[in-house]
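The values are calculated or read from the model by the stated rules, or taken from the named source; none is laboratory data. Note that the structure is predicted; figures quoted are calculated from it, not measured. When we count neighbours, we look across all protein chains shown, and the Cβ atoms used for this are built from the backbone with ideal geometry, even at glycine.
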Amino acid sequence: MDNNQFNENVAFRVDAGLIDRLGRELVGRAETAVSELIKNAYDADAREVNVTFIDSDIAGGVLVIEDDGCGMTYNQLIDGFMTISSTDKIHNPKSERYERQRAGRKGIGRFATQRLGEHLTIVTQTNDSSNAFELEIDWKKYQIDQDITTITNSVRKIAKQKDEGTILIITMLRDPWTVKSIERIYRYVSDLFQPDYLSDEGSILRLANQKDNTFQVRFYRSADGIKTIIADPQKMIFDKALAVIEGSVDVDGKGEFSISSKNLRIEDFHNPVEYKKNESKYPNLKSIHFKAYYFIYEREEYYAGVSKLELRNIRALSEESSGIRLYRNGFRVLPYGEPNDDWLGLDIKIYSGEKGSTNIPYRNRNFFGFVEVLDIEGRFFEETASREGLLSNDAFRELQHFVSEALFSARLRLREGVTEIRKKGKIKELSNNQERIPVEELLDRIETFVTTGDPEKKEEAQNAVKELREEVRLLIDELGMIRVLAALGLTIAEFTHEVTQYTPSINGFIAALQPLQQNAEGIGLLEELRRGFNNFISYTAYFNTTISQNVSRELQPIRITDIVNRFVSAVKGDANKMGIKVKSEFYGGYDLFTVPMHPSEWTSVLYNLYTNSKKAIQRANSKGAIGIISGEEGDKIYIEFTDNGDGIAEKIKDRIFNAFFTTSLPAGFDAPSDERLVGTGLGLKIVKDIIETYGGRIFLIPPESGYVTCFRIEIPKASSKQLKEYGI
Amino acid sequence: MEYKYFYIDDWDKEDIAGTIRGIETGGGIKIEHSKPVGDWESEYDRIASQSNFHGIILDLRLQERVSLDGNHAKYSGSIIAHAIREMAKEKKINEFPLVLLSGNYNMQQFFDKTGEDAFDLRVLKEDLTDNAAFEALRLRLFALAKGYDQINQVSKGDTNKAIEQLLSFGCDGLEERFRQKIETFLNKPTHDFASFIIRNLLEKEGLLISEPLLAARLGVEINDSKEWQVLKELLDGTSYKGVFMEGWPRWWMYSIEKWWEETIGEDVRLQPISASKRVDILKEKLGLKGLVAANKIEKARSDQFWTICQGLKRPLDPIDGLLIVGQENAFPWQSKQYVSYEAAINRISVENWKDVAANEKDKLDQLKTFYSRERIRR
């Protein structure tokens, strides 16, 4: 205090120690520091940047970053580089020559050099200048307890080294830079720019882009006087991906995703992603795009034209560079998508209630992807001061929600494709050995080996084990879902039974209200109430009957006429409300008995088809018509279930019976388990399983005129012996 | 007059309050609900000492929810009913109507048919779906309570007089075998007599006919005929005015035919003419222009309707129908029931008619072959 002269006007002063603090704290990691400097070169319209590490295996080495950008004039050097927190980039968001969207905004490049080494030399020259300037900064001089303005650095005019551009020479590097770490930084820097534009806006705004060959960065390493170029980091071979998932949120906040996979024969475009149940649009999210390449490793049989070795290489690559990265206005934002970062919760998400997951690994390492965030004005997404992440505000949380939601929705589609390919693969495998080997036979083979110990049987036994393991894995997946459905079924049974017991009392109140009504509105409302409740009763009654039929587990020949009539009268009320006409027709003889089945199985079959039809009719927005046409043909009973909904797209026609095939969206992460069961993609699969259990089949046929979709079920007729056996 | 029923159900009052309200609406019936006592001896004593009600409504399963004493009862509604009938026989208590009101599931799972006779009426809770169902039940409860009083009080010394009094119908017009049969019931306990009346007279078409059959026999389509109510009023003299009349609106067939003879003339008999002819005559003779003749069911040839198809519940000439099962033991005064060809081969509302009679099976098979349908794809 003693050395301060009294002055009526006082100003803030800055302690020189701040530089060190800023350098260390604003630029946390060395990689970030290097990338900041490269961004600066980009902003200066450089076309080429050469980064050379000299004798850097141990700390104390030299780093030279040389660009051919437009360089700095003396004024720019003083007002820009030497002025902390200069605002040039705010005033001029686009570069002059290439109109590049500028990368750095907070102007912390100088601190990056401080973070990297103790000493900095800048040599810079512009096209118009006749000489270059050399500025030397010894960061060590910036010690605490010194006024920052008292520390000066020398600037010299020197001969031009090149036409234009800036050379940064950082010496006394604080960290060692080995080949490995240079490779890593190289990879990191090459990922600095968004791999490609995902949106038209991106290309209009001229965001940074890896495909932009007006900007090249090369890395060199010089040791003992020998300079070697560091090889280009291995570029991902994206076209090898098993599936590509893309998504976007438009300017209105409406989200959607698409998924395509040649190998899995999936092409599902423009599926909506909703923010919340009653709030489909994202309030703070606009102009977001993402693209993710999905891989399942060690399953080369899923891929066409990808070798085991290639897949292994990709897997190795995934150790370091998998994940979903985030690019804001063209530039990578860390740490999203770094190893160990799980910003989308892919690794920790335990998706209870969702089975089939064992076959669809869905961790960060299964993805190579990135998100394009366009927010030039920085209104929604704000980077933290350390440039390590975005502020966790509403927009960011919505972004996490959207990408994660879209990826998990896509997973439902994947599940179906994978399950199918596994089945096919298995069948193919087996058909190579001529015939499908029954489980019993496989068990016999193992038993033979175990009991005889015959070494010649060993391989056969091992194969049998492999086969069984695969079979078991498939079954466990399916069983998991079936268990959930069964539990739900029991709950519904109990619930329905309980609920029906209350109906007489409610009916009584409705009846008692009748004579009390006075005005027309009251009468109208009462009528509505009665009608609504009657529909409710006919529904519950139908299921109640189905459930009481389940009490006896006995199979019996099923008279299709009765099953269909009962079904039609049960759903009539519901259908009427939706403006759907349900019509049944019977052909051939009148005693259409199927082989012995369980009556409730027909409830499942018809109800599933009905639900699908209803959805299709809603989508078609048409005057709905459902026809149930039954009859006999030879030794088969058939039922054709036909509707005039929006039809089944040609490309998915052969997939609809697959387990887990669905066109529905997944329920939210926190949705109750029953909600998750909607659109499990098991409906038609269960229908098919039931039909096939009895030696029947279900398939699509061309509908009669007036209809759009037609499922035909064929099931064997009961034999006269069976009918006699059951006293019919 | 208001009749009071005691209603024992293990459900809490709030869960059945609507059922009670629904039944009471319209008046004449008051229902007092109670849970079972829990302990059988106490239950027995409670019923034996109660005297201020005219009937009891019983739930079948009384053991599902907790009883008044905090335990679960170990007896069912049928056990109570059986005990009541025995107490009455021992003259410990008066005879009064018993009504079983139970859920369908429990009825199927737990009701033993041997206990059936103790109840005058069995009602499924699920059937109480609309105002009409509640109204019908209310009227039957009323009719039962009133009817039991009438039966209990009638002097049985002169049997014919007693019968005439109870049926409000002269014995001359009665079918003789029926008269003989009812006479045998006259000296049996009240509930046996009541049961005979309900099951063999009121609930079987024959001597008495219900409204749909009345309309069918007159050839009239009820739903389309604005003046059906007027015609019904004209036929008031033929309606049943005897015991339980409030719960079972019926018409004496004997009186209908007599009325036809008197009003239309002896030369035109009712049965052998077509529905349209019957309606034409009614229109002409009575000036009821709003009457509309009923139509034939598909596949039927005749419209000389004399019965009702049990599947479609529409008028039918028995020659176009098939007898349904379970009528072997019908009394001679009871009409046979039929199902139309259409309903039979398509099994329409099969739950109402179960099956055709054994001797009709061949005919049904022939019909099925005859009407087999070939599909022409559109």
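Counting just the residues of region A:353-382 that are of a type in the set (S, T, N, Q) and at pLDDT below 80, which one comes out surrounded by the most Cβ atoms within 10 Å (Cβ to Cβ)?
A:Asn359
For A:Phe257, all conditions in the list (1) at pLDDT below 90; (2) among the hydrophobic types (A, V, I, L, M, F, W, C); (3) assigned to a strand (DSSP E or B) hold save one; what is the number of the exception?
It is condition (1) that A:Phe257 fails.
So which of A:Gly489, A:Gly508, A:Gly522 ends up being under 30 Å from B:Ile16 (Cα atoms), within 14 Å of chain B (Cβ to nearest Cβ) and part of a helix (DSSP H, G or I)?
The unique qualifying residue is A:Gly508.
Residue by residue through region A:161-213, note down the ones that are of a type in the set (D, E, K, R) and modelled with pLDDT of 75 or more.
Matches in region A:161-213: A:Lys162, A:Asp163, A:Glu164, A:Arg174, A:Asp175, A:Lys180, A:Glu183, A:Arg184, A:Arg187, A:Asp191.
Just to be sure I understand, how many residues within region A:159-185 are farther than 27 Å from A:Asp20 by Cα and touching a Lys or Arg at 6+ places or on another chain (Cβ under 9 Å)?
Counting residues in region A:159-185 that are farther than 27 Å from A:Asp20 by Cα and touching a Lys or Arg at 6+ places or on another chain (Cβ under 9 Å) gives 1.
Just wondering, is there one or more residues in region B:109-132 that are within 14 Å of chain A (Cβ to nearest Cβ) and farther than 17 Å from B:Arg21 by Cα?
Looking for residues that are within 14 Å of chain A (Cβ to nearest Cβ) and farther than 17 Å from B:Arg21 by Cα, one finds at least one in region B:109-132, hence yes.
Among the residues of region B:325-335, is there at least one that is among the small types (Gly, Ala, Ser) and within 13 Å of another protein chain (Cβ to nearest Cβ)?
The answer is no; no qualifying residue exists.
When only residues in region B:327-378 that are surrounded by 15 or more Cβ atoms within 10 Å (Cβ to Cβ) and acidic (Asp, Glu) count, which is farthest from B:Ser210 (Cα to Cα)?
My answer is B:Glu360.
Is it fair to say B:Val230 is among the aliphatic types (A, V, I, L, M), touching a residue at least 12 places away in the same chain (Cβ under 8 Å) and assigned to a loop (DSSP other than H, G, I, E, B)?
no
Of the numbered conditions (1) away from every other protein chain (no Cβ under 14 Å); (2) among the charged types (D, E, K, R); (3) without any contact (Cβ under 8 Å) to a residue 60 or more places away in the chain; (4) closer than 22 Å to B:Phe142 by Cα, B:Arg85 satisfies every one except a single condition; which is it?
(3)
For region B:94-104: of the residues being more than 21 Å from B:Phe134 (Cβ to Cβ) and crowded, with 17+ Cβ neighbours inside 10 Å, which is nearest to the other protein chains (Cβ to nearest Cβ)?
B:Phe96
Need pairs with beta-carbon distance below 7 Å; first residue free of Cβ contacts under 8 Å to residues at least 24 places away in the same chain and at the interface with chain A (Cβ under 10 Å from one of its Cβ atoms) and within region B:352-378, second surrounded by 10 or more Cβ atoms within 10 Å (Cβ to Cβ) and in a helix (DSSP H, G or I); sequence gap 6+ or separate chains.
B:Lys368/B:Ile345
Just one of A:Lys308, A:Lys262 is touching a helix residue (DSSP H, G or I) at 6+ places or on another chain (Cβ under 8 Å) and of a type in the set (D, E, K, R); which is it?
Among A:Lys308, A:Lys262, only A:Lys308 is touching a helix residue (DSSP H, G or I) at 6+ places or on another chain (Cβ under 8 Å) and of a type in the set (D, E, K, R).
Suppose the filter is modelled with pLDDT of 85 or more and loosely packed, with under 14 Cβ neighbours inside 10 Å; does A:Ile65 pass it?
no
Residues checked against (1) charged (D, E, K, R); (2) in contact with a Gly (Cβ under 8 Å, 6 or more places away or on another chain); (3) surrounded by 14 or more Cβ atoms within 10 Å (Cβ to Cβ):
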{"residue": "B:Leu68", "(1), (2), (3)": "no, yes, yes"}
{"residue": "B:Asn71", "(1), (2), (3)": "no, yes, no"}
{"residue": "B:Gly77", "(1), (2), (3)": "no, no, yes"}
{"residue": "B:Lys91", "(1), (2), (3)": "yes, no, no"}
{"residue": "B:Phe110", "(1), (2), (3)": "no, no, yes"}
{"residue": "B:Leu141", "(1), (2), (3)": "no, yes, yes"}
{"residue": "B:Leu167", "(1), (2), (3)": "no, yes, yes"}
{"residue": "B:Asp172", "(1), (2), (3)": "yes, no, no"}
{"residue": "B:Phe178", "(1), (2), (3)": "no, no, yes"}
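Could we say that B:Asp45 is of a type in the set (Asp, Glu), out of contact with any helix residue (DSSP H, G or I) (no Cβ under 7 Å at 6 or more places or on another chain) and within 14 Å of chain A (Cβ to nearest Cβ) here?
no
Is there any pair linking a residue in region B:19-38 that is within 11 Å of chain A (Cβ to nearest Cβ) to one that is part of a loop (DSSP other than H, G, I, E, B) and surrounded by fewer than 20 Cβ atoms within 10 Å (Cβ to Cβ), with Cβ under 8 Å and at least six apart or on different chains, and which?
That search, which allows pairs on different chains as well, returns B:Gly27/B:Glu2.
Do you know which of the residues in region A:20-45 that are assigned to a loop (DSSP other than H, G, I, E, B) and farther than 12 Å from A:Leu168 by Cβ is farthest from the chain's Cα centre (by Cα)?
It comes out as A:Asp45.
Of all residues in region A:690-728, count the ones that are more than 14 Å from every other protein chain (Cβ to nearest Cβ), of a type outside the set (Ser, Thr, Tyr) and in a loop (DSSP other than H, G, I, E, B).
Qualifying residue count, region A:690-728: 3.
Of all residues in region A:54-88, count the ones that are part of a strand (DSSP E or B) and either small (Gly, Ala, Ser) or under 17 Å from A:Val123 (Cα atoms) (or both).
So the count comes out to 6.
Looking at region A:383-417, which of the residues that are acidic (Asp, Glu) and outside any helix (DSSP H, G or I) is surrounded by the fewest Cβ atoms within 10 Å (Cβ to Cβ)?
Once the filter is applied, the top-ranked residue is A:Glu388.
Identify all residues within region B:336-351 that are in contact (Cβ under 8 Å) with a residue 40 or more places away in the chain, within 13 Å of chain A (Cβ to nearest Cβ) and in contact with a Gly (Cβ under 6 Å, 6 or more places away or on another chain); write none if there are none.
B:Ala343 - this is the single residue of region B:336-351 that is in contact (Cβ under 8 Å) with a residue 40 or more places away in the chain, within 13 Å of chain A (Cβ to nearest Cβ) and in contact with a Gly (Cβ under 6 Å, 6 or more places away or on another chain).
Return the total of residues in region A:357-379 being part of a loop (DSSP other than H, G, I, E, B) and in contact with a strand residue (DSSP E or B) (Cβ under 8 Å, 6 or more places away or on another chain).
3
For region A:558-574, which positions are surrounded by 20 or more Cβ atoms within 10 Å (Cβ to Cβ), within 13 Å of another protein chain (Cβ to nearest Cβ) and in a helix (DSSP H, G or I)?
A:Ile560, A:Thr561, A:Ile563, A:Val564
Based on this model, can you work out whether A:Leu513 counts as in a helix (DSSP H, G or I), within 13 Å of chain B (Cβ to nearest Cβ), surrounded by fewer than 18 Cβ atoms within 10 Å (Cβ to Cβ) and at pLDDT 85 or above?
no
Within region B:252-302, which residues are within 26 Å of the chain's Cα centre (by Cα), part of a loop (DSSP other than H, G, I, E, B) and of a type outside the set (S, T, N, Q)?
B:Leu270, B:Ala294, B:Lys296, B:Ile297
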